[in-house]
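Beneath this line is the structure, given in structure tokens, with notes to follow.
The values are calculated or read from the model by the stated rules, or taken from the named source; none is laboratory data. Quick caveat: nothing in here was measured; it's all calculated off a predicted structure. Neighbour counts are summed over all protein chains in view; Cβ atoms, including those assigned to glycine, are modelled from backbone coordinates with ideal geometry.
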Amino acid sequence: MKHKISPSLLAANFSNLAEDIEMINRSEADWLHLDIMDGVFVPNISFGFPVIKAVSRICEKPLDVHLMIVNPEKFIPQIKAVGAKIMNVHYEACPHLHRVIQQIREAGMEPAVTINPSTPVSLLKDIIEDVYMVLIMSVNPGFGGQKFIKHSIEKVKELRLLIDKTGSDALIEVDGGVNKETATLLLDAGADVLVAGNAIFSAPSPEEMIHQLKTL
Ligand code: DX5
Ligand code: ZN
């Protein structure tokens, strides 16, 4: 399977989102990654439902929603209502992760579990067969434009082994500090989906950068 690219809207121009979303629509991007932060689970606040709704009306790509919030299960109906394809919840925010994963699936979305840099891959052993995707954070969540944590490569390799061993068909997504250099290392390690914010939106031509990441 050819890898997927999920540009992160967090690095877009918030005073002209429509223009950036039209670029995403034209581009080879597979999904659009939306980062929701609550100022509690992570030390930052991003955007909420009024913005997501406006984005979903004009975005033609499937929405890959990454919730960096406590109690994400409270918002399953609203995330579904904006037409999201994937709902990513953090392992660290869900003491009853298995239940939340089932609830997301029952709501008609693809459930994904996200792990912070300090959370071991081995903790996913008993949930790996129930999820559509695992999102490995390669920076501490909360901000765009941070430095890639190299150890994430080892985590991707370990997750690939776990997936192959269990016969799970979960996808591996990586988020944080992804650029052409780190993307190559991640793809070699077994990643299926790359999220990129600054590498795309700070490039002279974001559309061309999406093409370059897609053709690595
Ligand atoms: C960080 C977010 C990321 C972020 C990635 O908390 O989850 O999706 O936007 O941005 P870059 O690619 O700039 O590291
Ligand atoms: Zn994200």
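Let's see how each residue does on (1) surrounded by 20 or more Cβ atoms within 10 Å (Cβ to Cβ); (2) away from ligand 2 (no atom under 14 Å from the Cβ); (3) modelled with pLDDT of 95 or more; (4) not in a helix (DSSP H, G or I):
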| residue | (1), (2), (3), (4) |
| --- | --- |
| ASP164 | no, yes, yes, no |
| VAL174 | yes, no, yes, yes |
| VAL195 | yes, no, yes, yes |
| ALA199 | yes, no, yes, no |
| MET209 | yes, yes, yes, no |
Sole residue being within 13 Å of ligand 1 (Cβ to nearest atom), more than 16 Å from LEU32 (Cα to Cα) and out of contact with any strand residue (DSSP E or B) (no Cβ under 8 Å at 6 or more places or on another chain), chosen from LYS180, LYS157, LYS150, LYS165
LYS180
Segment 21-34, residues that are acidic (Asp, Glu) and within 18 Å of the chain's Cα centre (by Cα):
GLU28, ASP30
Those residues of segment 132-162 which are crowded, with 22+ Cβ neighbours inside 10 Å, of a type outside the set (S, T, N, Q) and in a helix (DSSP H, G or I) amount to LYS155, VAL156, LEU159
For segment 178-193, give me each residue that is within 21 Å of ASN88 (Cα to Cα) and not in a helix (DSSP H, G or I).
VAL178, GLY190, ALA191, ASP192, VAL193
Boolean, LYS53 is within 16 Å of ligand 1 (Cβ to nearest atom), at pLDDT 95 or above and not polar (S, T, N, Q):
no
Among the residues of segment 15-50, count how many are of a type in the set (D, E, K, R), away from ligand 1 (no atom under 13 Å from the Cβ) and buried (at least 18 other Cβ atoms within 10 Å of the Cβ).
2
Residue pairs, Cβ under 6 Å, 6 or more apart or interchain, first in segment 205-216 and over 11 Å from THR184 (Cα atoms), second of a type in the set (Asp, Glu) and in a loop (DSSP other than H, G, I, E, B). List them.
ILE210/GLU28; HIS211/GLU28
Mind checking which residues of segment 145-189 are polar (S, T, N, Q) and more than 30 Å from ASN44 (Cα to Cα)?
THR166, SER168
Filtering segment 68-78 down to residues that are within 16 Å of ligand 1 (Cβ to nearest atom) and without any contact (Cβ under 8 Å) to a residue 40 or more places away in the chain, which residue is surrounded by the most Cβ atoms within 10 Å (Cβ to Cβ)?
PRO72
